[in-house]
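Asks: Would you mind keeping the following structure in view while I ask a few things?
The values are calculated or read from the model by the stated rules, or taken from the named source; none is laboratory data. Computed from a predicted model, the values in this text were never measured in an experiment. Glycine gets a Cβ as well: all are built from the backbone with ideal geometry, and neighbour counts include every protein chain shown. With ligands, DNA and RNA removed, areas are computed over all heavy atoms of the protein, side chains included. Shrake-Rupley method; radii C 1.70, N 1.55, O 1.52, S 1.80 Å.
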Amino acid sequence: MIDRYSRQTIFPEIGQAGQQKLAQSSVAIIGCGALGTVIATSLVRAGVGKIKIVDRDFIEYHNLQRQILFDENDIKEGLPKAVAAERYLKKVNSEIQIEGIVADANYANIERLVEGADLILDGLDNLETRLLINDVSLKHKIPWVYGGAISSSGMTMTVIPDKTACFRCFWTNNTARSAALTCDTAGVINPAPFIVGSLQSVEAMKILIGSTEINKDLIVIDVWHGEFSHLPLGRRADCPACHGKYEYLDAKYGTRATSLCGQNSVQILNPKSSMVSLAALAGRLKAVGEVSYNEFMLRFLVDNREMVVFPDGRAIVKNTSDESLAKGLYSKYLGM
Ligand SMILES: [Zn+2]
């Protein structure tokens, strides 16, 4: 192994042996916002051999405040996050494999997305997909590291299947309800996801090199108040996921329209649709509104509404949080 990692291999807990293990490891980062960009840059620079970055979104100006892999040019080029992240990170480390995938992680594709991964890292902004990750992790015995940040605070926990508490053990309906209230309104200052993403990265390194010092607690931080605390976690006797009931993976709780956290937009998923030709769609939509597209996405303006369509048939309807309105526009203009 060459000099690139010398400052890391001098660190005795990693050493040359740990570095070799990192190089032979494969991780899937699901979600490439603030947390995902921090985790990805850390693990790419640390020399993890294979890194898959999955994200459904494109880059907007309000992302630049905290999503450290993106810049204004990416926005001008209309790049999805997964594409911009892959492009940039390949310049940072050409010795590893980096794959950006523009997709919404959902019950229909998640098992394929994490296939072969030694570890899953959560860079998501929504609870439903986290519960899905938890299911796929337990089903396929792939550890995952949860992270979340909002306002000036954040949390992380590590899930090792059959060994630790899982996310569903901890995340009961009551905790979900209290957290959901703040999502759209609380905002976030960037040190919060920077710290949480960094804690997730160090946890990833420990898991990948086989360290026994894995975090067994819920770590809660508040950067504004300088607080850092550990809360012990226990397995819940009636946890469905721990008993092999994968209700999110089995799509019992899947939804087609999802209001996107803090963005005043609604995403429409159509698990039944196959790949869409954006060129053909643009041809159809030109008659009714303003259309622009590249190979990654199509933008469509009509009736003072903006819709973004992706080749997998997914769409984001902007400037609304009304799911039924968004569904209506989707079926009206895309007919899928
Ligand atoms: Zn559980």
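Asks: Looking at segment 95-109, which of the residues that are polar (S, T, N, Q) and touching a residue at least 40 places away in the same chain (Cβ under 8 Å) is most open to solvent (accessible area, probe 1.4 Å)?
Replies: Per the stated criteria, the residue is Q97.
Asks: Among the residues of segment 249-263, is any modelled with pLDDT of 90 or more, among the small types (G, A, S) and out of contact with any Cys (no Cβ under 7 Å at 6 or more places or on another chain)?
Replies: Looking for residues that are modelled with pLDDT of 90 or more, among the small types (G, A, S) and out of contact with any Cys (no Cβ under 7 Å at 6 or more places or on another chain), one finds none in segment 249-263, hence no.
Asks: Additional query: Taking only pairs six or more apart or across chains, which ones have beta-carbon atoms under 8 Å, a first residue in segment 230-247 that is of a type in the set (S, T, N, Q), and a second residue that is open to solvent by 50 Å² or more (accessible area, probe 1.4 Å) and within 10 Å of the ligand (Cβ to nearest atom)?
Replies: Taking only residues 6 or more apart or on different chains, not a single pair turns up.
Asks: Select from segment 48-78 the residues that are basic (K, R), surrounded by fewer than 20 Cβ atoms within 10 Å (Cβ to Cβ) and closer than 21 Å to E295 by Cα and list them in ascending order.
Replies: K76
Asks: Looking only at segment 1-47, which residues are open to solvent by less than 20 Å² (accessible area, probe 1.4 Å), over 26 Å from C261 (Cα atoms), assigned to a helix (DSSP H, G or I) and among the small types (G, A, S)?
Replies: Listed by number, the residues that qualify are G15, G18, A46.
Asks: Are any residues in segment 156-188 more than 16 Å from the ligand (Cβ to nearest atom) and at pLDDT 95 or above, and if so, which ones?
Replies: Correct list: T156 only.
Asks: Based on what the data block shows, is A192 modelled with pLDDT of 95 or more, surrounded by 15 or more Cβ atoms within 10 Å (Cβ to Cβ) and away from the ligand (no atom under 16 Å from the Cβ)?
Replies: Against the criterion (modelled with pLDDT of 95 or more, surrounded by 15 or more Cβ atoms within 10 Å (Cβ to Cβ) and away from the ligand (no atom under 16 Å from the Cβ)), A192 qualifies.
Asks: Another question, if that's okay. Of all residues being open to solvent by less than 50 Å² (accessible area, probe 1.4 Å) and within 15 Å of the ligand (Cβ to nearest atom) in segment 215-233, which is farthest from V188 (Cα to Cα)? Just the residue, please.
Replies: L233
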